[in-house]
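Here the structure comes first, spelled out in structure tokens, and everything after it is commentary.
The values are calculated or read from the model by the stated rules, or taken from the named source; none is laboratory data. Just so it is clear, the structure is predicted and the values come from calculations on it, not from any experiment. Cβ atoms come from the backbone with ideal geometry, glycine included; neighbour counts cover every protein chain shown.
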């Protein structure tokens, strides 16, 4: 029963703050489900399950995650920009790891924009295409020559009558 009261409280507070629009703004701006769950005093799994049971909220969260990919990339850029000439190698390495993680998360939230898809390379050889075209033309010419020779042979083999002037 305590779980239901907590669920009602969470959903009631979200509704009072703007409902789906509130969730969209929070998540799209980069706030994680874990941070939201901490604010409501529950586990991430419980918060996520409770919110995703409301179709309007689930839809808003899905859209917000795609949008939050931009926030993650911008956050990574801010981290890199914060480095300066006095940054130590360990600070640079730590920042690199944080930025890589944000890139990974952005790719998982918005696959179309930030995902890593295998690239398909197509190699076209103009020389091979030219040779194929020449072979095709040569085979067509050979076929035409063979037809001409056959016609000549047929024309020569035709029996003809001798016409004489004696008639």
When you go through (1) under 22 Å from residue 11 (Cα atoms); (2) at pLDDT below 85; (3) surrounded by fewer than 16 Cβ atoms within 10 Å (Cβ to Cβ) one by one for residue 30, which number turns out not to apply? (3)
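Report yes if residue 12 is exposed (fewer than 15 other Cβ atoms within 10 Å of the Cβ), at pLDDT below 90 and assigned to a helix (DSSP H, G or I), otherwise no.
Working: exposed (fewer than 15 other Cβ atoms within 10 Å of the Cβ): yes; at pLDDT below 90: no; assigned to a helix (DSSP H, G or I): yes.
When the stated conditions are applied, residue 12 does not pass them.
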